[in-house]
1. If the only charges are +1 at each Lys and Arg Cβ and -1 at each Asp and Glu Cβ, what is the size of the charge dipole of the chain around the Cα centre, to the nearest 20 debye?
2. If I model a spin label at Arg197 and Ala106 as a point 7 Å from the Cα along the Cα→Cβ vector, what separation in nanometres do I get?
3. From the C-alpha gyration tensor of region 24-69, pull out the three semi-axes of the equivalent ellipsoid (sqrt of 5λ each), sorted largest to smallest, in whole Å.
4. What is the diffusion coefficient of the chain in µm²/s, taking the Kirkwood radius over Cα pairs and the Stokes-Einstein relation at 20 °C with a viscosity of 1.002 mPa s?
5. How big is D for region 76-205, in µm² s⁻¹ as a whole number, if Stokes-Einstein is applied with the Kirkwood radius of its Cα pairs at 4 °C and 1.567 mPa s?
6. What net charge is computed for the residues neighbouring Thr103, neighbours being all others with C-beta under 14 Å from the C-beta of Thr103, Lys and Arg scored +1, Asp and Glu -1?
7. Under 20 Å from a point placed 7 Å out from the Cα of Ser286 along the Cα-to-Cβ direction: which residues of region 310-330 have their backbone N that close?
8. Mind checking the dipole of region 234-337: about its Cα centre, +1 per Lys or Arg Cβ, -1 per Asp or Glu Cβ, Debye to the nearest 20?
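The values are calculated or read from the model by the stated rules, or taken from the named source; none is laboratory data. Model, not experiment: these values are computed from the prediction. Note that each Cβ is placed from the backbone with ideal geometry, even for glycine, and that neighbours are counted across all protein chains shown. Ligands, DNA and RNA are excluded from the accessible area calculation, which covers all protein heavy atoms including side chains. Shrake-Rupley method; radii C 1.70, N 1.55, O 1.52, S 1.80 Å.
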Amino acid sequence: MVTDNPQDAARTEDEVTVATYASNYLQVYTETIDRYYATVLQELNNLDAAAKSLPLYGRRLGVDTGVVVVGAAHDFYLFFVEAAQLSVVHLERLPGHLDAEWTRAAAYERRLADVREWLDLRLPEFAEPVNMASTDFFSFNRDYWSTQAREHGAGAGRRDGNRAAAILPRLRETAQRFQEWDQLTQRYRDLSTSGLRSQDRGIQFERLWRDLLSFHGWHPKKVRISGEDNDFTALYNGLHILGETRWFATPMTGGKMREFLAKLDTRPQTIGLFVSHSGYDDGALSVLRRSIATKTVVRFGRADIDNLFLHRTDLGDLFSEKLRDAYDYLFERDDSE
């Protein structure tokens, strides 16, 4: 680019210097990851987490990456943004800002926030910015910054590579949990369309429910004692829970609820949890409400079960909400009375 204006010529030269620095920075960042963190990168790709953990990997200036730059005699900032939203280099001087005292006294995060505000920077950033405090970037030539960019890019690659390696165990655990939850969801969907006999479907649902409890850390057990068969016991936040699961064609009746309440007679500290895919009729609800003064029963219906398996509602949150409802019934009053 040729210009007759000395100021324009100087700005063009500065932009070329920044472009050289940023291009080399990105290139060496990628080379560092390839050389020292190839295994980490491969696993991050498998976990679909590479772009977030190694945000500059494979990036190229002017292709998918642009930079917004602020420079003064006492400070320098470079922000990485999407190239589609910006020409390759956007250079600002911000006269009256970035003085030596502000650079010396203000904390790093405070300075970044101030610069973004002064720039009115609203473009999404995807990587940590480059900051060289107490540095007059434009007083050095292009060759100098070409060399420095390689050191800085390698340092950023090692920084992000080490961070990525450190969080891999947590990412693996998260991915494993999502896989387990997907499996629970699929089993529930399969059960809903299986066409199994009612008894067989009930047995499968009971097992599926215990697996859901295990997934949420409720430590379920199948309990059999003489004259009594219970689908599960569980522990949640110090509470002992006795429960049953049912997947019938018709709602639970008052008689079914009385049978369940009888199992709580010898367990005064235990909370009952009844899970019915077919819901409850008015008689069942009446029996449960009359017993609330002496026994506590939390009930889940079809909508609750769907939320747990299909919409990934947290079991503990749902149980706590339902338990609160059960206790609050003791204090409910009709305002018209």
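1. Numbers: 42 positive and 51 negative charges, 369 e Å.
It comes to approximately 1780 debye.
2. Using points 7 Å along Cα→Cβ, the separation is 7.6 nm.
3. Rounded to whole Å, the semi-axes are 21, 13, 7.
4. Details: Rh = 25.5 Å.
My calculation gives 84 µm²/s for D.
5. On the way: Rh = 20.0 Å.
Stokes-Einstein gives a translational diffusion coefficient of 65 µm²/s.
6. Numbers: positive: Arg104, Arg110, Arg111; negative: Asp75, Asp99, Glu101, Glu109, Asp114, Asp136.
Charge balance in the 14 Å sphere: -3.
7. Of the residues in region 310-330, 329-330 have backbone N under 20 Å from the label point off Ser286.
8. Working: 14 positive and 16 negative charges, 101 e Å.
The calculated dipole for region 234-337 is roughly 480 debye.
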